[in-house]
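Student: Following this message is one structure expressed as structure tokens.
The values are calculated or read from the model by the stated rules, or taken from the named source; none is laboratory data. Given the structure is predicted, the values throughout are model-derived calculations rather than measurements. Here Cβ is always computed from backbone atoms with ideal geometry, including for glycine, and neighbour counts include all displayed protein chains. Note: areas computed on protein heavy atoms with side chains; ligands, DNA, RNA excluded. Shrake-Rupley method; radii C 1.70, N 1.55, O 1.52, S 1.80 Å.
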Amino acid sequence: EAGVAQSPRYKIIEKRQSVAFWCNPISGHATLYWYQQILGQGPKLLIQFQNNGVVDDSQLPKDRFSAERLKGVDSTLKIQPAKLEDSAVYLCASSLGPREKLFFGSGTQLSVL
Amino acid sequence: RKEVEQDPGPFNVPEGATVAFNCTYSNSASQSFFWYRQDCRKEPKLLMSVYSSGNEDGRFTAQLNRASQYISLLIRDSKLSDSATYLCVVIPGGGSARQLTFGSGTQLTVLP
């Protein structure tokens, strides 16, 4: 079974630039999550989708972050403009449903200079 | 109080030792619990679910104590390859699909 696919694996940008991450969840998984993980900390939820609808985006910095899952399958997360404190690993995860176990992609390591 | 708190570690133990981690949660209506393992610079991977009656998978035993609101992970006969960060995950119950919460992780280093 194919896992959660993410790209790119690494990204280096300068502050105030824009960046986008892509995620393709496991086939059939209705719930998709984007997490931000700063070194030494646990993953922090940014946004949770159920099919193509947003379930929870309470911790998403909406002035600069946006995410979409238009057809209820793959998803993109965008940061515009990036700040130094956005340097982190961005993890995408999917699950069959909102209370099921999560499967993670390999993440995108973002460095903002 | 944080929703989910873990022993901060780091835990440095010799090979063959038994080590246990705890994870406390604040929401008494929490419904599902998991332990994840995360290797350095890798994504978290599911280690095991935690069931009410406790469950075992080889050298790993997970337990849930609803009265005291904590889950635990016990690793017996530690191997060098067990060195990683262990994250607990708590999923609230109730009708709404509220976000699940990760602990900040406990770092384990098994020494030769």
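Student: Just the number, please: buried accessible area between B and A, total of both chains, 1.4 angstrom probe, nearest 100 square angstrom.
Tutor: The B and A chains share an interface burying roughly 1700 Å².
Student: Follow-up. In nm, to one decimal, how far is the B:THR109 label point from the B:ALA29 one, both placed 7 Å along Cα→Cβ?
Tutor: According to this spin-label approximation, the distance is 4.2 nm.
Student: Here's a follow-up. What area, in nm² and to one decimal, does the C-alpha convex hull of the protein assembly as shown cast on average over all directions?
Tutor: So the mean shadow area of the Cα hull is 12.8 nm².
Student: Considering only protein heavy atoms, what per residue accessible area in square angstrom results for the protein assembly as shown with a 1.4 angstrom probe?
Tutor: I get 49 Å² per residue for this part.
Student: Let me ask something else about it. Other chains near B:101-110: what is the mean number of their Cβ atoms within 10 Å of each residue's Cβ?
Tutor: 3
Student: Cα-Cα over 20 Å: which of A:LYS44/B:LYS45; A:LYS11/B:LYS45; A:LYS15/B:LYS42; A:LYS62/A:LYS101; A:LYS11/B:LYS42?
Tutor: A:LYS11/B:LYS45; A:LYS15/B:LYS42; A:LYS62/A:LYS101
Student: Let me ask you something else. Would you mind telling me the share, in percent, of accessible area of chain A contributed by carbon and sulfur at probe 1.4 angstrom?
Tutor: Of the solvent-accessible surface of chain A, carbon and sulfur hold 50 percent.
Student: Continuing with this model, one more query. For peptide A:98-107, how many partner chain Cβ atoms fall within 10 Å of a residue's Cβ, on average?
Tutor: Going residue by residue through A:98-107 and averaging, the value is 6.
Student: Who wins for biggest fluctuation among A:GLN59, A:GLN50, A:GLN37 in a Gaussian network model of chain A, springs between alpha carbons below 10 Å?
Tutor: Of the options given, A:GLN59 has the highest mean-square fluctuation.
Student: Relative to the isolated chain, which residues of the range B:33-74 have their accessible area cut by 20 Å² or more in the presence of all protein chains (1.4 Å probe, heavy atoms, no ligands or nucleic acids)?
Tutor: So the qualifying set is B:PHE34, B:TYR36, B:GLN38, B:ARG41, B:GLU43, B:PRO44, B:LEU46.
Student: Extending each Cα 7 Å along its Cβ direction at A:ARG16 and B:GLU5, get the distance between those two points in nm, one decimal.
Tutor: In this crude spin-label approximation the distance works out to 4.3 nm.
Student: If you don't mind, another one. Where a Cα-Cα gap under 16 Å defines reach, which aspartates and glutamates qualify for A:LYS78, not counting those fewer than 8 residues away within the same chain?
Tutor: Partners within reach: A:GLU14, A:ASP57, A:ASP63, A:GLU68, A:ASP86.
Student: Whose amide H sits under 5 Å from the amide H of B:ASP7, counting only residues 5 or more places off or on another chain, with H placed in the peptide plane?
Tutor: Hits under the 5 Å cutoff: B:ASN22.
Student: Now for a separate question. How many nm is it between the label spots at B:ASP77 and A:LEU70, if each spot is 7 Å from the Cα in line with the beta carbon?
Tutor: Going from the B:ASP77 label point to the A:LEU70 one covers 5.4 nm.
Student: With contacts defined as alpha carbon pairs under 8 Å and 6 or more residues apart, what's the relative contact order of chain A in percent?
Tutor: Averaging sequence separation for qualifying contacts and normalising by length gives 37 percent for chain A.
Student: Continuing with the same structure: Measure of size requested: the Rg and Dmax of the range A:11-113, with Cα atoms as the atom set and Å as the unit; please supply both.
Tutor: Cα only, the range A:11-113: 13.0, 38 Å (Rg, Dmax).
Student: Using alpha carbon coordinates only, what is the Rg to Rh ratio of chain B, with Rh defined as the Kirkwood radius?
Tutor: 0.97
Student: Still on this structure, I have one more. Please work out how much length the chain gains when fully extended from A:SER7 to A:VAL54, using 0.36 nm per residue of separation minus the C-alpha to C-alpha distance, in nm with one decimal.
Tutor: That works out to 14.8 nm of additional length.
Student: In percent, how large is the relative contact order of chain B, given Cα pairs closer than 8 Å and 6 or more residues apart?
Tutor: 37 percent
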